[in-house]
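Working notes for the structure below.
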Amino acid sequence: MDVRVLAATNKEPEQAVAKGELRQDLYFSFECVPYSPAALRERKEDIPLLVEHILRDINAKHARHIRA
């Protein structure tokens with residue numbers, strides 16, 4: 001079986017292991033690939049896409065449609 005897990009945290013995993021907040025065997029069973037995207041304030045060109053996505057999601061929940 002091939003399984004992939006994508007997880008996110010607001011803590012540094014190595015520090016959490018050292019403090020006993022994260023099990024060491026669990027942490028080392030994953031192949032960790034750290035990814036730290038730039039803050040949204042540094043990617044202003046992404047804001048219109050994000051707003052459109054959020055509006056579509058809200059409208060879908062309320063059975064409305066965006067007219068472009």
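Bear in mind that the values in this text are calculations on the coordinates, not laboratory data. Keep in mind the model is a prediction, meaning the values are calculated, not measured. Because the Cβ atoms are built from the backbone with ideal geometry, glycine has one as well, and the counts that use them run over all protein chains shown.
To the nearest 0.05, what FRET efficiency results for E31 and N59 with a Förster distance of 35 Å applied to their C-beta separation?
Rounded to the nearest 0.05, the efficiency is 0.35.
As an exercise, identify the GluC sites (Glu not before Pro) in the chain lying in DSSP coil whose Cβ has no more than 15 other Cβ atoms within 10 Å.
E21, E31
Can you tell which of N59, P13, Q24 lies farthest toward the positive end of the dipole of the chain, using +1 and -1 charges on the Cβ of basic and acidic side chains (Lys, Arg; Asp, Glu)?
N59
What is the log10 of I(q)/I(0) for the chain, computed with the Debye formula using one identical point scatterer on each Cα and no solvent, at q = 0.16, 0.19, 0.20, 0.24 Å⁻¹?
-0.81, -0.87, -0.89, -1.03
Compute the helix-to-body angle for 47-61: its Cα long axis versus the longest principal axis of the chain, expressed 0 to 90° and rounded to tens.
That helix lies at roughly 80 degrees to the long axis.
Can you compute the charge dipole magnitude of the chain about its Cα centre, using +1 on each Lys and Arg Cβ and -1 on each Asp and Glu Cβ, nothing else charged? Give it in debye, rounded to the nearest 20.
That gives a dipole near 500 debye.
So which trypsin sites (Lys or Arg not before Pro) in the chain pass both tests, a DSSP loop state and at most 14 other Cβ atoms within 10 Å of the Cβ?
Hits after loop and neighbour filter: R4, K11, R23, R43, R64, R67.
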